[in-house]
Every structure is written in C-alpha cells, then in structure tokens.
Amino acid sequence: MDLSISSRSLSPSPPPFPFNSNRMILSPAFQKFSFDFRNFQIKPLVSRQNQPIRVHASNQTVNSDGFVLEDVPHLTNFLPDLPSYPNPLQKSQAYAIVKQTFVTPEDAVAQKIVVQRDSPKGEHFRRAGPREKVYFKSDEVRACVVTCGGLCPGINTVIREIVCGLNNMYGVDDILGIEGGYRGFYSKNTLTLTPKFVNDIHKRGGTILRSSRGGHDTNKIVDNIQDRGINQVYIIGGDGTQKGAALIYKEVERRGLQVAVAGIPKTIDNDIAVIDKSFGFDTAVEEAQRAINAAHVEVESVENGVGIVKLMGRYSGFIAMYATLASRDVDCCLIPESPFYLEGRGGLFEFIEKRLKENGHMVIVVAEGAGQEYVAQGMPTVDEKDASGNRLLHDIGLWLTQKIKDHFTKVHKMMINMKYIDPTYMIRAIPSNASDNIYCTLLAHSAVHGAMAGYTGFTVGPVNSRHAYIPIARVTEAQNTVRLTDRMWARLLASTNQPSFLNCSEVLQETVDCETIEGINSKKISSI
C-alpha cells in the first residue's frame with residue numbers, strides 16, 4: 001500500500017515502504033529543516049503524533065514550503081504482510097459515473113486555509129474517501145457499531161449509514177450493534193444490524209443501541225472483539241469515548257490483530273477540536289429557536305417580562321451564541337468563556353433595568369456552564385463527576401432566575417414577571433434535521449471507506465469543508481471554545497448590544513468581594 005503524500009504532483013506513487021513509528025520519512029529536502037515565518041529561524045520539522053510521514057517536494061525549497069502531514073495509523077504498520085484487494089466500488093453502477101472514483105494517496109486537507117504569501121504550508125490531514133485498494137474481503141468482514149455518552153440528534157442516522165454504507169458499497173452482511181455503550185462489549189447482548197432493520201431509524205431521536213457513560217475496560221473490550229471475530233469497530237462518542245477508542249486501537253496493535261478502529265466524534269456542544277463542527281449541532285441550534293421564541297412570546301405579553309432560556313454548553317457556548325445570532329430576539333447571551341457579573345456599573349442587573357425601560361421586556365440565553373463560579377459561592381462545595389468524568393454543574397438557570405427576581409423586587413421594589421425555560425432534553429432527544437442527516441451520512445461513509453482501506457486508530461470529520469482522517473489525539477487534546485477575540489462573538493455583541501462584562505470597577509453586592517472579582521478577571525484573561 002502507498003501512503004505517500006505529494007504536495008504538488010499527482011504522479012504515480014512510489015512502491016510501498018515499511019513504516020517506522022519512531023521517525024518521519026521525508027524526502028531529502030525536508031529531512032532537516034522547515035521555515036518558521038514568524039521569526040525567520042531554521043528549526044527542526046516535528047510531527048505532532050510522531051507518526052511516519054512521507055512527503056515528496058517537487059520544485060520547492062525548504063524555506064517556502066513547510067508541509068506537515070498529521071498521519072493516521074494503518075494496519076500495515078504492525079501487519080506488514082497484510083494482502084490488499086481491489087475495491088468493490090470499481091464494479092459499482094452508482095460510482096461508475098464518478099469522474100474520479102478513488103481518492104489518491106497524494107490528497108491531503110489543509111488545516112489552515114487563510115495564510116500569508118510566504119508562510120509555510122502548515123499541517124495537513126489525509127483526505128477521507130474510498131481507496132483503490134482495500135485490506136478486507138467483504139465476506140470476511142464482521143463489523144460492530146457502539147454508541148457512548150449523552151444523546152445527540154443524528155446518532156441513529158450515523159448508525160444507519162454505517163450499516164447501509166458497508167452493505168451497499170462493500171457488500172458486507174455481518175454487522176453487529178453493541179448495546180449499552182462500552183460496557184456492552186462484555187455485559188450486554190448484541191443486535192444484528194441489516195439495512196432493513198435500520199431503514200427508518202434516522203427518523204427517531206436517541207440511539208437504537210442505547211448508550212451509557214463510563215464502563216471502559218480496554219482488555220475486556222478487546223477480549224470480546226477477539227472472541228467474537230470482529231475486525232472493524234465503529235465507535236460513536238465524544239471526547240472521553242474517543243480517548244477510549246485510542247486505547248482500544250493501541251491494545252489491538254499490541255496483540256497484532258487485523259482490526260480497524262474508527263471513531264465518529266459526537267458532541268452536541270460543538271466543542272471537538274480541529275473539525276468544522278460536530279453532528280447534531282445544526283439541529284440543536286434550530287430547535288433552540290423554538291424555546292427562545294416561546295420565551296419571547298411570553299415576556300412581551302406581560303409587563304416587565306424577563307425570560308431566561310438555558311441551553312447546552314458545559315464548557316463551550318457555541319449553541320447559545322449561534323442560537324442568539326439566529327434568533328434576533330435575544331437581549332443578552334451568557335456563555336462559559338465570558339465571565340459576567342451581576343451588580344455594579346456595566347453589570348447584568350443594570351443592563352436588565354435599562355432594557356426593561358426601553359422595551360418593557362427582555363430575553364436572556366444562558367449556557368449551562370456559564371457563571372458556575374457565582375453559583376458555587378452560595379452552595380456547598382461539591383466536586384462530583386459523572387461516569388464520563390465531567391464535573392457536575394450547578395443549575396445556572398434557576399439560580400439566575402431567583403437572583404434577578406430578588407434584586408428587582410427587594411432592592412428596586414420593581415415588579416417583574418420571570419419566565420424560565422430549560423429545553424435541554426427536548427433538544428437532545430429529537431431526530432436530526434436535513435442538514436445534519438446529510439452530514440451524518442458523509443461522516444459514516446468516510447469512516448467506512450477508511451476502515452476498509454486499512455486505516456485504524458483514526459477519527460473523521462470535515463476540516464475546512466473537506467472530510468479528513470484525523471489522529472484521535474488531535475480531537476481530544478483540547479476542547480473547542482468560543483474565542484472572545486473573534487469576529488463571531490463581536491457580531492453577537494453588536495446584535496444584542498449587551499455589555500462585554502470585561503471590566504468591573506465597582507461591585508455593590510456584599511457577597512462578592514474584590515478577591516472574587518480578581519479571580520473572575522484572571523479567568524477572563526486566560527479564556528481569551
């Protein structure tokens with residue numbers, strides 16, 4: 001198999017070469033240096049994942065290129081004698097009309113597309129899609145699908161398209177569904193998944209395989225995979241789930257098993273790094289509009305109506321931000337990345353009073369992870385975590401509702417009508433919309449193509465609108481968060497005309513001291 005990448009030429013690939021996981025394989029021009037345009041210094045070229053990289057640089061100088069491929073593992077890394085076979089898609093009537101059926105080994109997707117004239121080419125990922133050669137015979141494939149973590153619109157669509165993709169494109173008939181998350185590998189029964197069985201599951205919310213948090217035991221899981229004769233594993237889940245997928249791949253590699261492990265990243269919060277967005281996010285934003293609209297109708301129908309809508313967003317406020325921008329009925333959006341304060345000049349209370357005098361009503365959207373430092377002050381310290389290792393949050397929605405009500409009725413002697421809406425589980429449980437259905441199909445098919453082509457220990461997702469195979473460590477090393485210095489957040493501030501809450505020179509609330517404000521400000525700086 002040829003895993004080479006050519007940054008310019010699409011000429012025929014060189015013969016296969018052995019992988020060495022401890023070093024990069026580069027053309028002579030790239031073996032020593034790359035150009036750092038920031039300080040014009042020569043520095044060694046490094047690979048983030050220490051994966052083997054082969055780069056052909058034609059007609060390029062080292063100072064003007066700087067091409068880096070963040071590669072994903074392949075079964076031939078540890079099974080060098082593994083035979084390959086012609087891809088069944090060569091005989092597919094559907095794909096016969098495609099001008100270029102197969103992705104070439106040279107195709108790569110750039111992580112960064114906005115560059116300066118003389119900047120290095122930067123980091124790239126392998127482009128997803130069908131390959132000319134596959135490393136599994138269709139009648140010898142036994143695949144399994146598992147879903148882990150919280151619910152998200154589109155999970156059933158991904159399951160359906162993995163099953164239908166394997167069957168329709170590659171003729172695979174033996175596909176199992178692992179019930180109940182990771183622990184389902186060793187403590188639950190399995191379902192037999194066929195195209196007929198999954199035909200209409202995309203119309204339902206949730207997951208037909210059921211899900212759970214935690215329960216990951218690498219040895220037990222791989223033992224079960226080995227005992228059942230499974231050779232393709234498709235894992236749908238978030239950050240913790242993908243870390244578990246990486247451990248499964250490592251154990252499979254250690255045992256020398258011909259098992260391809262493919263991850264499909266899932267999080268409704270859109271907080272997965274590298275990829276453009278996570279599936280279910282568009283559906284969540286669309287459904288959040290219903291809650292925001294209901295709050296707006298309620299508050300404009302009463303005197304001094306204040307509506308609070310709490311949306312998902314444990315560490316990242318993307319749903320709240322995009323729902324606010326889409327709605328145009330929101331007066332203030334509070335997210336975890338942007339600390340806020342209640343009292344004092346430029347505080348939330350002052351803004352609420354101003355907006356009520358102007359319009360007679362207002363709507364506040366708050367992400368579930370916002371303001372946790374405030375809520376924790378009035379409650380016993382709790383350091384509990386769920387089975388996935390996520391810190392359990394206090395209910396910012398109820399807390400903020402009570403704080404606003406107390407302030408205006410007791411301090412300002414002003415009657416207000418509070419309306420609180422928490423649509424969290426309603427949003428998580430609905431089927432995906434048309435946009436997410438298409439996206440889920442592309443994710444599933446990319447994963448299937450990758451596994452059949454022998455790639456393993458990878459996850460899939462769009463990078464600059466092109467689907468790519470990404471090392472799992474890249475999507476789990478950091479969370480994607482709203483950048484307060486980006487234009488999108490500036491657009492939101494311009495839309496709502498809310499305070500930025502970046503400066504607090506005076507605080508009137510006795511329970512919040514100067515030390516607390518300094519802590520919030522320092523958090524603000526690190527968040528930006």
> Tell me, what % of the accessible area of region 212-343 is carbon and sulfur with a 1.4 angstrom probe?
Replying inline: 41 percent
>> Applying a 10 Å radius around every beta-carbon, put 265-278, 413-426 in order of their mean neighbour count, most first.
In response: 265-278, 413-426
>> Against the empirical 2.2 N^0.38 Å scaling, what ratio does the C-alpha Rg of region 201-280 come to?
In response: 1.19
> Which number comes out as Rg/Rh for region 89-181 once both Rg and the Kirkwood Rh are worked out on C-alpha atoms?
Replying inline: 1.08
> What's the extension gain from R328 to Q289 if we count 0.36 nm per residue and subtract their Cα-Cα distance?
Replying inline: 13.1 nm
>> About the Cα centre, and with charges only on the beta carbon of Lys, Arg (+1) and Asp, Glu (-1), how big is the dipole of region 252-390? Nearest 20 debye, please.
In response: 400 debye
> How high is the FRET efficiency from K220 to T192, r the C-beta distance, R0 25 Å, rounded to 0.05?
Replying inline: 0.70
>> With +1 on the Cβ of every Lys and Arg and -1 on the Cβ of every Asp and Glu, and nothing else charged, how large is the dipole of region 406-490 about its Cα centre, in debye rounded to the nearest 20?
In response: 280 debye
> Tell me, Kirkwood radius of region 142-242 from alpha-carbon pair distances, in Å?
Replying inline: 13.5 Å
> With each label point set 7 Å from Cα along the Cα-Cβ vector, what nm distance links A429 and D81?
Replying inline: 5.6 nm
> Between N199 and L392, what length comes free when the chain is fully extended (0.36 nm per residue of separation minus the Cα-Cα distance, one decimal in nm)?
Replying inline: 65.8 nm
> For labels at L442 and L493 in the simple 7 Å Cα→Cβ model, what's the distance in nm?
Replying inline: 3.2 nm
>> Need one word for region 282-436: rounded, prolate or oblate. Basis is the Cα gyration tensor (sqrt eigenvalues a ≥ b ≥ c); a/c below 1.5 gives rounded, then a/b vs b/c decides.
In response: oblate
>> Rounded, prolate or oblate, given the Cα gyration tensor of region 325-372, with a/c below 1.5 counting as rounded?
In response: oblate
> In nm, to one decimal, how far is the N359 label point from the E300 one, both placed 7 Å along Cα→Cβ?
Replying inline: 0.8 nm
> How would you order 127-138, 449-460 from highest to lowest mean count of nearby Cβ atoms within 10 Å?
Replying inline: 449-460, 127-138
>> Please give the charge dipole size of region 82-182, origin at the Cα centre, charges +1 on K and R Cβ atoms and -1 on D and E Cβ atoms. Round to the nearest 20 debye.
In response: 380 debye
>> Quick check: from the Cα gyration tensor, does region 144-188 come out rounded (a/c under 1.5), prolate or oblate?
In response: oblate
> Ranked from highest to lowest mean number of other Cβ atoms within 10 Å per residue, what is the order of the peptides 94-105, 310-321, 434-445?
Replying inline: 310-321, 434-445, 94-105
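The values are calculated or read from the model by the stated rules, or taken from the named source; none is laboratory data. Being a predicted model, the structure only gives us computed values, none of them experimental. In this analysis, Cβ positions are derived from the backbone assuming ideal geometry, glycine residues included, and neighbour counts consider all displayed protein chains. Surface areas here come from the heavy atoms of the whole protein model, side chains and all, with no ligands, DNA or RNA. Shrake-Rupley method; radii C 1.70, N 1.55, O 1.52, S 1.80 Å.
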